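Participant: Take a look at this one; I'll ask things after.
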Amino acid sequence: MIAIIVGLIALMVMAYLGWSILWIAPVAAAIVALLSGMDIYSAFTSDFMSGFASFARDFFPVFLFGAVFGKLMEVTGSARTVASFLSKIVGKERAILGVLLGAAILTYGGVSLFVVVFVMYPLALNLFREANISRKVIPGTIVLGAFTFTMTALPGTAQVQNYIPTQFFNTTMMAAPIMGIVTGLIMAVGGYFYLSYRANKLTKAGEGFTEPGGEEKKEEEGKDPNVFLSFLPLLAVVISINVLNLEMLSALLIGIVLTFILNFKSFKKFTGAMNDGAKGAVTAVVNTGAAVGFGAVVKNAPAFPAIKEALLNIKGGLTISDALSTQVLAMITGSASGGMNITLNALGSEYYQQALDMGLNPEILHRVTALASGASILPHNGALLTVFAITGMTHKDSYKDIFFVGLLIPFIATVVGILMSYVGIV
């Protein structure tokens, strides 16, 4: 047990110091193996690499199609058009709401989270400049719109965190719709009011908008596409998944093809966009796969059966066990999808069977797992570090906001979801 705890702490500390998960995961796995009396070479070449390869085999296609689709939406100007349109509707005095809605629509439609950050940042700069809101609030606003309710709660969202549970619980991406909508509203409304309060507080303290340092962002070349045509690929993905009941890969492929057709005048950009999307998908899968590989070593450690038994018998019920296991592992690995995958690979079959034996709707486990995975954004989270790198903010500037909108409020929403499951609201 001590071996696993030391390995987890080592992983968290090294990630917090900014070291890549790609090599600290094998190091942390080696620590677990060494202190557990396992053969280190075998733990890496067999256990670690099996977990790594299994994750890549199962989810690389989804990451690939999602990243390519997102990149095509970006380079054709479609994503920017959607975000800008929504922002203009709400008005410059509600800049936070405009950025929030833009990020939420793009994320729900299947655009890669990292692409959403790139697309929304320049738009957020313009809106926050006009509203004279401190740039410190931008990271929290983007995180709320892209990394919370549209990633894990809203039924039908075309994100991998809503897809992975379908592979373990025999559910669809529309699982537990009432629970998803209620918990999604808690995150969206609660986060929005917190960020509005935070922006007003900074303004009263004399902290308004300040121009970012470095070179100014170059204006995008060419004319943005029609708003209606820009929305079509996103709607096509969502409808294909949730109305036509197509597989996520098929839905994303439809979105890609439709983006090609509607933006054929931009065909010169397509090759570069697809190449960049593919590179981004590889990076995301490799980083997450490394975290899953670490989990595979932990899973095969001598102490894990006792941990597994303890998790399965946590007082309060199956949903609490599921939520705690997923959240803790997602926190430690710095990855919502990575922590979720580790939990479900180790315990998913037991959770599913117990749910069937108890007469519990597996859709509850699907939604609770997704919710808990998102309530995990600690300072070493990989996606968070990307947000800070793009926006030029630091943990000191903005992590307080992200803690509230990306961890505390989603945790409250997860608790509400669990309570709803107890009274049979799905």
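The values are calculated or read from the model by the stated rules, or taken from the named source; none is laboratory data. Keep in mind that this is a model prediction, so the values were computed, not measured. All Cβ positions, glycine included, derive from the backbone under ideal geometry; neighbour counts span all protein chains shown.
Participant: Kindly list, by first and then second residue, each pair from a residue in the stretch 70-87 that is touching a residue at least 60 places away in the same chain (Cβ under 8 Å) and aliphatic (A, V, I, L, M) to a residue that is outside any helix (DSSP H, G or I) and buried (at least 24 other Cβ atoms within 10 Å of the Cβ), limited to pairs with Cβ atoms under 8 Å and residues at least 6 apart or on different chains.
Facilitator: Hits for this filter: 73/111; 79/111.
Participant: Quick check on this structure: which one of 71, 88 is surrounded by 24 or more Cβ atoms within 10 Å (Cβ to Cβ), assigned to a helix (DSSP H, G or I) and among the charged types (D, E, K, R)? Don't jump to the end; show me each part of the working.
Facilitator: Details: 88 fails: surrounded by 24 or more Cβ atoms within 10 Å (Cβ to Cβ).
Sole residue among the options that is surrounded by 24 or more Cβ atoms within 10 Å (Cβ to Cβ), assigned to a helix (DSSP H, G or I) and among the charged types (D, E, K, R): 71.
Participant: Quickly run through the stretch 337-361 and pick out the residues that are part of a helix (DSSP H, G or I), touching a residue at least 12 places away in the same chain (Cβ under 8 Å) and hydrophobic (A, V, I, L, M, F, W, C).
Facilitator: If the condition is that a residue be part of a helix (DSSP H, G or I), touching a residue at least 12 places away in the same chain (Cβ under 8 Å) and hydrophobic (A, V, I, L, M, F, W, C), then 340, 342, 344, 346, 347, 355, 358 are the ones that fit.
Participant: Filter the stretch 399-426 down to residues that are without any contact (Cβ under 8 Å) to a residue 60 or more places away in the chain and aromatic (Phe, Trp, Tyr) and give me whichever is nearest to residue 376 (Cα to Cα).
Facilitator: Here the residue is 403.
Participant: Then there's this: Can you tell me which residue is modelled with the lowest pLDDT among those in the stretch 106-126 that are under 17 Å from residue 161 (Cβ atoms) and not in a loop (DSSP other than H, G, I, E, B)?
Facilitator: 114
Participant: Turning to a different aspect of this structure: What number of residues within the stretch 146-170 satisfy the criterion of being touching a Lys or Arg at 6+ places or on another chain (Cβ under 9 Å) and surrounded by fewer than 24 Cβ atoms within 10 Å (Cβ to Cβ)?
Facilitator: 1
Participant: Are any residues in the stretch 378-412 within 19 Å of residue 118 (Cα to Cα) and under 14 Å from the mean Cα position of the chain (by Cα), and if so, which ones?
Facilitator: Listed by number, the residues that qualify are 381, 382, 383, 384, 385, 386, 387, 402, 406.
Participant: A further question follows. Considering only the stretch 18-27, I want to know if a residue exists there that is in contact with a helix residue (DSSP H, G or I) (Cβ under 8 Å, 6 or more places away or on another chain), exposed (fewer than 15 other Cβ atoms within 10 Å of the Cβ) and not in a helix (DSSP H, G or I).
Facilitator: Yes, because at least one residue in the stretch 18-27 is in contact with a helix residue (DSSP H, G or I) (Cβ under 8 Å, 6 or more places away or on another chain), exposed (fewer than 15 other Cβ atoms within 10 Å of the Cβ) and not in a helix (DSSP H, G or I).
Participant: Within the stretch 254-279, which residues are surrounded by fewer than 18 Cβ atoms within 10 Å (Cβ to Cβ) and either of a type in the set (A, V, I, L, M, F, W, C) or touching a His at 6+ places or on another chain (Cβ under 9 Å) (or both)?
Facilitator: 257, 260, 261, 264, 267, 278 - these are the residues of the stretch 254-279 that are surrounded by fewer than 18 Cβ atoms within 10 Å (Cβ to Cβ) and either of a type in the set (A, V, I, L, M, F, W, C) or touching a His at 6+ places or on another chain (Cβ under 9 Å) (or both).
Participant: Next question. Checking the structure you have, find out if any residue of the stretch 45-52 is assigned to a helix (DSSP H, G or I), charged (D, E, K, R), surrounded by 23 or more Cβ atoms within 10 Å (Cβ to Cβ) and over 16 Å from the mean Cα position of the chain (by Cα).
Facilitator: The answer is yes; a qualifying residue exists.
Participant: Let me ask another. When you scan the stretch 370-382, do you find a residue that is in a helix (DSSP H, G or I) and either at pLDDT below 90 or farther than 20 Å from residue 163 by Cα (or both), even just one?
Facilitator: Checking the stretch 370-382: at least one residue is in a helix (DSSP H, G or I) and either at pLDDT below 90 or farther than 20 Å from residue 163 by Cα (or both).
Participant: List the helices (runs of 4 or more DSSP H) that sit entirely inside the stretch 197-312 and contain at least 2 residues that are within 24 Å of residue 338 (Cα to Cα) and of a type in the set (S, T, N, Q).
Facilitator: Those helices (runs of 4 or more DSSP H) span 267-299.
Participant: Among the residues of the stretch 321-355, which ones are surrounded by fewer than 24 Cβ atoms within 10 Å (Cβ to Cβ), under 25 Å from residue 2 (Cβ atoms) and hydrophobic (A, V, I, L, M, F, W, C)?
Facilitator: Result: 324, 328, 331, 346, 347.
Participant: Still on this structure, I have one more. Of all residues in the stretch 222-249 being aliphatic (A, V, I, L, M) and free of Cβ contacts under 8 Å to residues at least 24 places away in the same chain, which is farthest from residue 172 (Cα to Cα)?
Facilitator: Looking at the filtered set, the residue picked out is 236.
Participant: Also: Restricting to the stretch 392-406, what's the tally of residues that are modelled with pLDDT under 85 and either in contact with a Ser or Thr (Cβ under 9 Å, 6 or more places away or on another chain) or of a type in the set (Phe, Trp, Tyr) (or both)?
Facilitator: 0
Participant: On the basis of being within 18 Å of the chain's Cα centre (by Cα), within 20 Å of residue 326 (Cβ to Cβ) and either part of a helix (DSSP H, G or I) or in contact (Cβ under 8 Å) with a residue 60 or more places away in the chain (or both), does residue 364 make the cut?
Facilitator: No; evaluated as a whole, the condition is false for this residue.
Participant: Can I ask one more? Within the stretch 94-107, can you find the residues that are more than 17 Å from residue 72 (Cβ to Cβ) and in contact (Cβ under 8 Å) with a residue 60 or more places away in the chain?
Facilitator: 96, 97, 100, 104
Participant: Could you grab the pairs with beta carbons closer than 7 Å, sequence gap of 6+ or different chains, first residue in the stretch 311-326 and within 16 Å of residue 359 (Cα to Cα), second one among the aliphatic types (A, V, I, L, M) and assigned to a loop (DSSP other than H, G, I, E, B)?
Facilitator: 318/360
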